[in-house]
1. Go through (1) 12.8; (2) 8.4; (3) 19.7 and flag the label whose value is the computed mean projected area of the Cα convex hull in nm² for this structure.
2. Run the numbers on the chain and let me know its relative contact order in percent, using alpha-carbon pairs under 8 Å that are six or more apart.
3. In the range 12-76, with Lys and Arg counted as +1 and Asp and Glu as -1 at Cβ, which of these residues, ALA42, VAL61, LEU76, has the Cα nearest the positive end of the dipole, that is, farthest along it?
4. What's the angle, to the nearest 10 degrees (0 to 90), between helix 90-101's Cα axis and the longest principal axis of the chain?
5. Looking at the chain, how many pairs of lysines come closer than 17 Å at the Cα, when each pair is eight or more places apart or spans two chains?
6. Just to be sure I understand the model, the point goes 7 Å from the Cα along the line to the Cβ. What's the resulting LEU22 to GLU109 distance in nm?
7. Between the DSSP loop rule and a limit of at most 10 other Cβ atoms within 10 Å, which trypsin sites (Lys or Arg not before Pro) in the range 8-112 are left?
8. Using Cα atoms only, what is the angle between the long axis of helix 29-42 and the major principal axis of the chain, expressed in degrees (0 to 90) to the nearest 10?
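Every number in this text was worked out from the coordinates using simple rules, so none of it is lab data. All figures in this text were calculated on a predicted structure; none of them were measured in a lab. All Cβ positions, even for glycine, are placed from backbone atoms using ideal geometry, and neighbour counts span all protein chains on display.
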Amino acid sequence: MLAKKYPVELTAHERTILTQMLRRGRHDTRRLTRARILLKAAHGLRDHEIAAAVEASIPTVLRTRKRFAEGRLQALEEKPRSGTQRVLDARGEARLLAEACSPPPDGREHWTLQLLADRVVALQLAASCSKDTVWRVLKKTRVAN
């Protein structure tokens, strides 16, 4: 039998932290799943047994073991995800919605997506904003149908 590449040996303090997390259940599901994986790995279960017990994939178990070996309980934290940053934060979206519901500029019958995008930039809510971004925000909040 091969030795585990990333064995999990928890200190008493780490075990207490993980057990309390699971008892309280006030964390997101991914974090709780990682805590269960670490506790079961510390008990000596095999990866496929852990995966079946916590209803996760074997690669998830392997990644969690590896992350624990590299940073101990930092393995519970969510890694930043790739992708583009949001153009508008919650405050910016709220202001955009307020503008969309306000009377249109002089000489206009209604707001267009491009006018709203230009308004976002004029209000310095974002360095740049496309009409597609405005459309997504309005669609998400069901202002645009």
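1. Computed from these coordinates, mean projected area of the Cα convex hull in nm² corresponds to label (1).
2. Reported relative contact order: 16 percent.
3. Looking along the dipole axis, the top candidate is LEU76.
4. 30
5. So the count works out to 8.
6. Modelled inter-label distance: 6.4 nm.
7. For trypsin sites (Lys or Arg not before Pro) across the range 8-112 that sit outside H, G, I, E and B with at most 10 neighbouring Cβ atoms in 10 Å, the list reads ARG26, ARG81, ARG108.
8. Helix 29-42 sits roughly 10 degrees off the main axis of the chain.
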